[in-house]
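Trainee: Quick one: the structure is below, questions incoming.
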Amino acid sequence: MDQIVWGDIKLLDLIIALTVLVLAAIIAKGLALYLKRVLRNKFNKDQLQLSGKIVSFSVYLIGIFMAFAIVGLDLTGFLFAGSVAGIVIGFASQSVVGNFVSGLFLIMERPLKIGDQVSIDDTTGYVEDIRIISTTIRTYDGLYVRIPNQTVFTSKMTNFVGNIVRRFEYSVGIRYSDDADNAISIIREVVAAEPFALQKPEPQIFVDNLGDNAVILSVRIWAPVSEWYKLKMKLLSKIKIALEKQGIEIAFPQRTIWFANPLQGTGEKTAETGEHE
């Protein structure tokens, strides 16, 4: 029985090729799940996700090439016919390969993970996803920014939550007439009352500068990175209220003017006329 031919491709070959593509998709999904189950105790969540994507992509690629071979498509003919396009794609693929390799290095070095707050190439926000070719950042304004992995790997990166603790600092100005030692004791009590203000590393509270209008106290506090922002937002207000309750005011700019020659006769009356001079 003759086989049905569609164009230059036999229908049976086409069915087999489609079956191969479906099997490749199933195998890719199964391998990704298997890797997650087997390696979950050896790698973190981000590494498992990225490894699964790499394996899935590789299986899909193999399946596509096998399907092309089954239906008799000659890939070399395509390359020869599109030699000019191939050169352009070759140059473009250099960046793709660079991003792919950089993604592998990100897996090994692990400078960031999903959910971290980072600053990369002037983009600051939360890491939403780490893909094979690129990394997605959600900025504090809610914008999604896609950054190529090569840029992520080669640029200066700041991970704000990479360490389990983080320090913040206040500058508190009090009047020269106030007792600086007493103010330091009051601030230390306020800090000690906060459960998330760490005592190790120990808070630092000291006279940092003698300003034009105030004695500047420096207050340096360590907190768990998960509570850092909340504590920083509320603690300064508590310090201000505690100081004012003890009669210590936050200084504001003042200026004293001295006259070289004091004004004479202002507001005084002469004995003769009774008029102001």
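Bear in mind these aren't lab numbers, they're just calculated from the coordinates by the rules spelled out. In this text the structure is predicted, and so the values were computed from the model without any measurement.
Trainee: Can you work out the Karplus-derived ³J(HN,Hα) for every residue in segment 59-68? Use 6.51 cos²θ - 1.76 cosθ + 1.60 with θ = phi - 60°, whole Hz, and x for glycine or proline.
Mentor: Working through the residues one at a time gives 5, 4, 5, 4, x, 5, 5, 5, 5, 4 Hz.
Trainee: May I pose another question? Taking amide H positions as placed 1.01 Å from N in the peptide plane, with prolines and chain starts having none, which residues 5 or more places from ASP129, or on another chain, fall under 5 Å of its amide H?
Mentor: Residues meeting the amide H criterion: THR136.
Trainee: How large is ³J(HN,Hα), in whole Hz, for each residue of segment 21-35 in order, when computed from phi with the Karplus curve 6.51 cos²θ - 1.76 cosθ + 1.60 and θ = phi - 60°, using x for Gly and Pro?
Mentor: Along segment 21-35, the couplings run 5, 5, 4, 4, 5, 5, 5, 4, 5, x, 5, 4, 5, 5, 4 Hz.
Trainee: For a quick check: with amide H placed at 1.01 Å from N, whose amide H comes under 5 Å from LEU217's, ignoring anything fewer than 5 positions away on the same chain?
Mentor: VAL172, GLY173, ILE174, ASP208
Trainee: Explain nothing, just compute: Karplus ³J(HN,Hα) = 6.51 cos²θ - 1.76 cosθ + 1.60, θ = phi - 60°, for every residue of segment 121-138 in order, whole Hz, x for Gly and Pro.
Mentor: Rounded to whole hertz, the list is 6, 6, 10, 10, x, 9, 6, 8, 7, 10, 9, 5, 9, 9, 10, 9, 10, 9.
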